Amino acid sequence: AALKPPTQLVHVLNGCFLDTRVLFGFLGAVDLKSRTANYWGDGLFPMDFTTFADTAAYTARVATDEREVPDKFYVVGERRNFHELVALLEAETGQAFNVVHNGSLEDLDHTIAQRVRENPDNPYSFIPLMYYRAMLNGKGALPETHNHLYPEIQPTPVNAYIREYVRPLLAQ
């Protein structure tokens, strides 16, 4: 029997999960209960979004691909800036969201530092803001996408996710 080639190590890197416990929870970017959307800076950097299921579909496809694939495999469902995200939320849910500008990105850095000082043993008090900062300042954006390698996978657009999963939550 012929020996199989060694397993290729691939890091699947994805955009921020749209799924309700991440963008609409963990990050504190959007609070569905209070219909509030929070940001720092100008909110103009495109942010990468995807879903658990879409990332899993790409991961499964990469794992079973006989071809050589990139060592870092980038998955993005859609790119939207903060203001576009809020506009989609409002359009797809029919609900108005209170947009709260919390200051500059430097103000966000100060908020993170303060939370680290006040709660060093509770990373959940500051890690979500660190992640969100990388989205808001553009440094967390993936450099490219590899979605095109598997055109049979159609990632979920932001508006479709909001329509299917967020709108029903707001109707409760």
(message) Being out of contact with any helix residue (DSSP H, G or I) (no Cβ under 7 Å at 6 or more places or on another chain) and open to solvent by less than 50 Å² (accessible area, probe 1.4 Å) narrows it down to one residue among 31, 48, 42; which is it?
(response) 48
(request) Mind listing whichever residues of region 92-105 are among the hydroxyl-bearing types (Ser, Thr, Tyr) and either open to solvent by 70 Å² or more (accessible area, probe 1.4 Å) or under 26 Å from residue 14 (Cβ atoms) (or both)? (result) 93
(request) May I ask you to list the residues in region 43-64 that are of a type in the set (Val, Ile, Thr) and either closer than 15 Å to residue 105 by Cα or outside any loop (DSSP other than H, G, I, E, B) (or both)? (result) 50, 55, 59, 62, 64
(request) Kindly establish whether residue 115 is outside any loop (DSSP other than H, G, I, E, B), buried (at least 18 other Cβ atoms within 10 Å of the Cβ) and within 14 Å of the chain's Cα centre (by Cα). (result) no
(message) Name the residue that is farthest from residue 132 (Cα to Cα), counting only residues in region 51-86 that are open to solvent by 20 Å² or more (accessible area, probe 1.4 Å) and among the hydroxyl-bearing types (Ser, Thr, Tyr).
(response) 64
(message) Taking the condition of being more than 14 Å from the chain's Cα centre (by Cα), under 17 Å from residue 142 (Cα atoms) and in a loop (DSSP other than H, G, I, E, B), how many residues in region 7-42 meet it?
(response) 1
(request) Kindly indicate whether residue 91 is within 19 Å of the chain's Cα centre (by Cα) and within 23 Å of residue 49 (Cα to Cα). (result) no
(message) Show the residue pairs meeting these rules: Cβ distance below 6 Å; 6+ apart or different chains; first residue within region 85-112 and over 16 Å from residue 161 (Cβ atoms); second residue among the β-branched types (Val, Ile, Thr) and not in a helix (DSSP H, G or I).
(response) 98/36; 100/36
(request) Being part of a helix (DSSP H, G or I) and surrounded by fewer than 18 Cβ atoms within 10 Å (Cβ to Cβ) narrows it down to one of 108, 169, 89, so name that one. (result) 169
(message) Can you find, within region 126-152, the residue that is farthest from residue 57 (Cα to Cα) among those that are open to solvent by 30 Å² or more (accessible area, probe 1.4 Å) and touching a strand residue (DSSP E or B) at 6+ places or on another chain (Cβ under 9 Å)?
(response) 131
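The values are calculated or read from the model by the stated rules, or taken from the named source; none is laboratory data. Predicted, not measured: the structure shown is a model, and the values here were computed from it. Cβ sites come from the backbone with ideal geometry, for glycine too, and all protein chains shown count toward neighbours. All accessible areas refer to the heavy atoms of the entire protein, side chains included, with ligands and DNA or RNA removed. Shrake-Rupley method; radii C 1.70, N 1.55, O 1.52, S 1.80 Å.
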